[in-house]
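A quick write-up on the structure given underneath.
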Amino acid sequence: MPVRGIAEHAAYLDFLVIIPSADSKDRKGTWRDLPDFRRLLDVLMEGRSAKPDIQALPDVTGKWREGVDFEDADELAAAVRAVFAGLREKRLREADILLDITGGSKVASVVGAVFSLGRDQIFQYVSQHNYEVIPYNVTYVPER
């Protein structure tokens, strides 16, 4: 499903940072699949005049070589914060950064919302039911 979310923006995607999951007690993390996933994305981006710069979290941060625990909000937030810092160094505005939380847990959804709240920031999710890409622009206006 992450491919579906990426495909929605493939025509104008400049940078892509993949945050893979760590191993858990009952399943292997997606960090093991990064080489195959990158090859798949390379194939999907063929024919584009300019391919996006595709990096994984460890490429950007030097950390989390074996993925991020998507059930640990603090760890996931630290990883997202590090990615945002790396993208800001490339002179990207927050309004130009989209956070896709597809395939994540409820914790990932909360982290996505927190990083989007009160900013000109969108996060998206690919529906597990109909595979539509659903963007969210969460705003909060305190009552006065």
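What follows is calculated from the coordinates using simple rules that are stated; it is not laboratory data. All values derive from a computational prediction rather than experimental measurement. For neighbour counting, all protein chains shown are included, and Cβ atoms are generated from backbone atoms with ideal geometry for every residue, glycine included.
How long are the three semi-axes of the equivalent ellipsoid for the chain, computed from the Cα gyration tensor as the root of 5 times each eigenvalue, in whole Å, largest first? Could the numbers behind the result be given before it?
Values: eigenvalues 100, 76, 53 Å².
With the √(5λ) rule applied to the chain, the semi-axes are 22, 20, 16 Å.
Given charges of +1 on the Cβ of Lys and Arg and -1 on the Cβ of Asp and Glu, with all other atoms neutral, how large is the dipole of the chain about its Cα centre, in debye to the nearest 20? Each step should come with its number before you reach the end.
Working: 19 positive and 23 negative charges, 38 e Å.
Its charge dipole is roughly 180 debye.
Which FRET efficiency, nearest 0.05, do K28 and K63 yield, Cβ-Cβ r, R0 22 Å? All intermediate terms of the calculation are to be shown ahead of the outcome.
Details: r = 20 Å, r/R0 = 0.90.
Given R0 = 22 Å and the Cβ-Cβ separation, E is 0.65.
Give me the percent of DSSP beta bridges within the chain that run antiparallel, rounded to the nearest 5.
Working: 4 of 12 bridges.
Among the beta bridges of the chain, antiparallel pairing accounts for roughly 35 percent.
Hey, what did region 2-136 get for relative contact order, percent, Cα under 8 Å, at least 6 apart?
Details: 175 pairs, mean separation 33.1, N = 135.
Averaging sequence separation for qualifying contacts and normalising by length gives 24 percent for region 2-136.
What is the count of Lys pairs in region 2-136 whose alpha carbons sit under 21 Å apart, if the two are 8 or more places apart or on different chains? Present the calculation step by step, with values, prior to reporting the outcome.
Numbers: K25/K106; K28/K63; K28/K106; K51/K90; K63/K90.
Pairs that pass both the separation and distance tests number 5.
Could you calculate the contour length gain from D42 to L98, that is, 0.36 nm times the residue separation minus the distance between their Cα atoms, to one decimal place in nm?
Working: separation 56, 0.36 × 56 = 20.16 nm, distance 2.00 nm.
Taking D42 through L98 to full extension adds about 18.2 nm, to one decimal.
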